[in-house]
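K.L.:
Structure in structure tokens, see below.
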Amino acid sequence: MTKITSLYVYKVISQASPGVETRDLLEDLGLDPDGAINPAHLIASADYYDFFETLADRDPEGLGLPWRIGASMRTEEYGAFGLAWKSAPSLRDSFWRSERYGRVLGSAETYHLEESGGKLFFCLEKAGDGRAGMLLSNEASMAAVDVICREVTTADFQPLSVHFKHSPRGPVAAYEAHFGCPVHFDSGRDALQVSAAQVDAPNRVGDETIARFFDQHLEEQLASLSADDALEPQVRRAVTEELSDGVPTLSRIASKLGLGTRTLQRRLSEQGHSFQSVVDMARKELARRLLRETSYSLAEVAFLTGFSEQSAFTRAFKRWAGETPRSYRLGSGKG
């Protein structure tokens, strides 16, 4: 199953409105209401989402709960990960560390910096079924990224826009008042749009030597993670290698990884994935890479990502990225 750091649980609790009962929710998660916070202690992401949803329903100010949580985050609370983020030379380097080391805070979410249509987006990808608690968590994650960017950079950081895949839970004006910029819903991504000037400005205490010290520590943490946590990336790579021959079957990938079909399905399900969702991620990642880094025609990119027709590829890519393959390529400078 996918997991998430228990740090987030305590941060959610800390931002509940006065008088809202929370001890029972912590105890249900097996956490000590009076214990010390340990970011390395992980809990099942599905349990976290259920907890988040229950608390938001209890809280009379539940609409703003995820934004309050994000606004309360500080880099030092993330342990070595936060210190690596803070000591990175620039926000671009901080973002790279999120992409590389984010798994030490749990296997439920990943981040990456993406250029699309001439714009830069710091994107969140999260495993899950889209339940209400997951959407709350996505909003809290974007709010947290916003506040820790402001904390570490010398730039006058302000997102150009914020994007969510889901529909608004309340008035859009309330979201825009919090983030201070346009907020777009039912988008093709969960992301902050940022400028190149912002991401390349130096961080306040950026120091490459210190950052490398924390990188070494984080590499050791990555190496200690269980093999099951690494299953989804293995499946994604295996799918990518097969796509030029069409979309591979579950049995084909299971055989390639030396697993039984049912075992692979079960282990992916335990991590919050389905085989189809991993196939979609593999096709999306490969399509973006081919459009950015090669001069293949759109028909060739469609073929290499397992589509029999360019029109089907175009529809799928627009669903994934919120724009056509041609627009994405022009934005990446390959058009």
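FYI, it's all coordinate maths here, none of it is from the lab. Please read all numbers here as calculations on a predicted model, not as lab measurements. Glycine gets a Cβ as well: all are built from the backbone with ideal geometry, and neighbour counts include every protein chain shown.
K.L.:
Relative contact order of the chain, please, whole-number percent, based on alpha carbon pairs below 8 angstrom and at least 6 residues apart.
P.N.:
With pairs under 8 Å counted, the relative contact order is 18 percent.
K.L.:
Which order do peptides 55-66, 139-150 fall in by mean Cβ count within 10 Å, highest first?
P.N.:
139-150, 55-66
K.L.:
Most mobile of Ala321, Ala46, Ala197 per a Gaussian network model of the chain (Cα springs, under 10 Å)?
P.N.:
It is Ala197.
K.L.:
Based on the Cβ-Cβ distance from Ser72 to Lys256, what FRET efficiency comes out when R0 is 41 Å, to the nearest 0.05?
P.N.:
Working: r = 45 Å, r/R0 = 1.09.
Working from the Cβ atoms, E equals 0.35.
K.L.:
Also, quick follow-up: Could you give the nm distance between label points at Gln265 and Lys318, where each point is 7 Å from its Cα heading toward the beta carbon?
P.N.:
It is 3.4 nm.
K.L.:
Please list, in chain and number order, the residues 5+ apart from His41 or on another chain whose amide H is under 5 Å from its amide H, with Hs placed from the backbone.
P.N.:
Under 5 Å from the amide H of His41: Ser6.
K.L.:
On to the next question. Collect residues whose amide H, placed 1.01 Å from N in the peptide plane, falls under 5 Å from the amide H of Ser90; neighbours closer than 5 in sequence don't count.
P.N.:
Residues meeting the criterion, in which the H sits 1.01 Å from N, are Asn203.
K.L.:
Another question about this same structure. With the crude spin-label approximation of a point 7 Å out along Cα→Cβ, what separation in nm comes out for Arg204 versus Ser224?
P.N.:
Here the answer is 3.0 nm between the modelled labels.
K.L.:
May I pose another question? Give me the Kirkwood hydrodynamic radius of the stretch 10-102, using the inverse of the mean 1/r over all pairs of distinct Cα atoms, in Å to one decimal.
P.N.:
By the Kirkwood definition, the hydrodynamic radius is 14.8 Å.
K.L.:
Label Arg100 and Ala177 with points 7 Å out from Cα along Cα→Cβ: what is the distance between them in nm?
P.N.:
Between Arg100 and Ala177, the label points sit 4.1 nm apart.
K.L.:
How many Lys pairs in the chain lie less than 25 angstrom apart by Cα atoms, where the lysines are 8 or more positions apart or on different chains?
P.N.:
Final tally of qualifying lysine pairs is 23.
K.L.:
OK, next. Under a 5 Å amide H to amide H cut-off, with H placed in plane at 1.01 Å, what residues pair with Val183 once short-range neighbours are removed?
P.N.:
Distant-sequence amide H within range of Val183: Val162.
K.L.:
Taking 0.36 nm per residue of separation and subtracting the Cα-Cα distance, what length does fully extending Ser167 through Ser295 add? Provide the component values of the computation, followed by the final result.
P.N.:
Details: separation 128, 0.36 × 128 = 46.08 nm, distance 3.59 nm.
Fully extending the segment from Ser167 to Ser295 adds 42.5 nm.
K.L.:
Once phi is turned into θ = phi - 60°, what whole-Hz ³J(HN,Hα) does the Karplus curve with 6.51, -1.76 and 1.60 give for every residue of the stretch 121-126, x standing for Gly and Pro?
P.N.:
Running phi through 6.51 cos²θ - 1.76 cosθ + 1.60 with θ = phi - 60° gives 10, 9, 9, 9, 10, 10 Hz.
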